[in-house]
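Remarks on the structure that follows.
Taken together, the values in this text are just the output of simple stated rules run on the coordinates, not laboratory data. Treat the numbers as computed from the prediction; the structure is a model and nothing was measured. Every residue, glycine among them, receives a Cβ derived from its backbone with ideal geometry; neighbour counts consider all protein chains shown.
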């Protein structure tokens, strides 16, 4: 009996929107409409309609963080790229007719096939993006044309893999053992027995998942929740990596400017991302919200977010310390310049008094109103300008 598997692989893509874009604006809806129109059958964007009244349905998500989905129509098997605003996409592949029953070998086989498919489809995806962005000129787009041209092999962060099983397949003893071995090293391996007994229909904790459904080819909100979770984690992790780079620059000499720019960009991106995630949670179906909360808790997502905040503080403190050192150095330089200016002023005053007193002594008519020559000016006039006064 063959089984099916679905993989999810976060990848970096050269497509993003300008910082701080408003997803409620008419300009945003116009952009999604343009993607649907110019992208053809391969591109599918949702949320293009203007919503006057929210929460009109509880059966589907009211809003989505995802911008669009690209379907590889030329691939031999089903593969889609779920594209999000922060240069992140989740590549979803579906592998069918797998007959390997050893969990370790199946895990290796699934990853090998999936990575090969993602890399092959990624080239076609980049060409489709080039064609699309050539047709669309929109103020919300923030695309580096050079980066789009350079894209070759995609950066795949990881590949998570889910076995798609039917209740009928679970009655097979060999498949039951596969499920047990498949989940053995996840966070909750005990969920395997509950799945086999039929009291639980999924396990999604750490990289190896199992989903049970009578319709394994249909839309599954558990997969949708996992796609969203992987985007949220990947985008936050990318912000943290950039913050690490900013910290490294902050502790290197003559890289303060780069650190300040990196911190500012990463801090804004991280905060806007977290705002978007928190807002998105309000528009999910209740079951999907519950699934997402479970996944985030399993992955310690809040710790990842908090770690980003700590890195912002570390980098900010380092930059403030550098600013204080520069302020002290600038203050010393200013004091030195003021002292030098004062010295030259005194010297100039001395020269002026010397010149004036000599001129006055040599021309007595200038002091005709005085009873006699000035003792002070006469004294100065007799000083030797070539040697310091005794």
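The calculated pair-distance distribution of region 220-341 uses every alpha carbon pair, bins of 10 angstrom beginning at 0, and gives 12, 33, 22, 16, 9, 5, 3, 1 percent. Calculated mean residue ellipticity, 222 nm, the chain: -18500 deg cm²/dmol, from DSSP H runs (n ≥ 4) at -39500 (n - 2.57) each, averaged per residue and rounded to 500.
Round to the nearest 10 and give me the degree value, 0 to 90, for the angle of helix 301-362's Cα axis relative to the longest principal axis of the chain. Around 10 degrees separate the two axes. For the chain, the longest principal axis of the C-alpha atoms and the axis of helix 173-182 are separated by about 10°. Share of pairwise Cα-Cα distances greater than 17 Å in region 67-185 is 63 percent (whole percent). Taken as Cα centroids, region 319-337 and region 262-284 sit 35 Å apart, rounded to the nearest whole angstrom. Could you compute the FRET efficiency for residue 323 and residue 344, with r as their C-beta to C-beta distance and R0 at 30 Å, rounded to 0.05? About 0.45, to the nearest 0.05. Under 10 Å, Cα contacts only: if you run a Gaussian network model on the chain, which one of 346, 110, 88 comes out with the highest mean-square fluctuation? Evaluated over the chain, the most mobile residue of the options is 346.
Which translational diffusion coefficient, to the nearest whole µm²/s, is obtained for region 160-252 from the Stokes-Einstein equation, given a Kirkwood hydrodynamic radius over C-alpha pairs, 20 °C and 1.002 mPa s? Kindly include the intermediate steps, with their values, before the conclusion.
On the way: Rh = 15.1 Å.
In µm²/s, the coefficient is 142.
Shown here: semi-axes √(5λ) of the Cα gyration tensor in Å, derived from the displayed model; of the candidates [x] 73, 24, 19; [y] 34, 25, 23; [z] 33, 29, 21, it corresponds to [x].
The distance from the alpha carbon centre of region 67-142 to that of region 1-52 is 14 Å, rounded to a whole number.
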